[in-house]
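A.B. asks: Once you've had a glance at the structure underneath, I'll fire off some questions.
Nothing in this text is a laboratory measurement; each read-out follows from the coordinates by a stated rule. Everything numeric here is computed off the predicted structure, so don't read it as measured data. Here the Cβ is made from the backbone with ideal geometry for all residues, glycine too, and neighbour counts use every protein chain on show.
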Ligand SMILES: [Zn+2]
C-alpha cells in the first residue's frame, strides 16, 4: 500500500499497489494542472479521511470531476460521475518521489488523437 498526499496533508489517497506507469496528457486541462495520472479501479483506492470534502471542477461532457484539496489546492484525483465506471485517476505527483521514479512516464495526446505517442 502506498499513499498520495496533498501538500497540507488534509487529503490522502491510500492505493493498493504502486503504479508501474503514469500518464502525462497534453489536453487543455491536464497540461494546465501539470499532473501525472495513475489509473486505478476505485476499489483499489481509499480516500483518507473517508468522505473528506474536496472542491471539484467539472467541464466539457461532465463525465469526470477533478478533485482538489480545499486548503492547499493540490489536485488529488479525478473520479467518474457515473458510479458504475471502474476507473479513476490519482495524481501521481502526490506520491513519494521514490515511488514515482519507479514508474514509466507515458505521453498521451489527449489534445489530438487521444492515443499514446510512446
Ligand atoms: Zn491540502
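A.B. asks: Ratio of alpha-carbon Rg to the 2.2 N^0.38 Å globular estimate for the chain, to two decimals, please.
C.D. replies: 1.00
A.B. asks: Let me ask something else about it. Nearest 5 is fine: what % of DSSP beta bridges in the chain come out antiparallel, could you say?
C.D. replies: Rounded to the nearest five, the antiparallel share is 85 percent.
A.B. asks: Something else about it: Helix-only estimate, please: 222 nm mean residue ellipticity of the chain, summing -39500 (n - 2.57) across DSSP H runs of length 4 or more and dividing by its residues, to the nearest 500.
C.D. replies: Taken over the chain, the calculation gives -1500 deg cm²/dmol.
A.B. asks: Diagonalise the Cα gyration tensor of the range 1-69 and give the resulting equivalent ellipsoid semi-axes, square root of 5 times each eigenvalue, largest first, whole Å.
C.D. replies: 20, 16, 12
A.B. asks: Taking neighbour Cβ counts within 10 Å as the exposure measure, how do 114, 14 sort from fewest upward?
C.D. replies: Arranged by neighbour count, lowest to highest, 114, 14 become 114, 14.
A.B. asks: Could you calculate the FRET efficiency of residue 104 with residue 57 from 1/(1 + (r/R0)^6), where r is the beta carbon distance between them and R0 is 30 Å, rounded to 0.05?
C.D. replies: Calculated value: 0.60.
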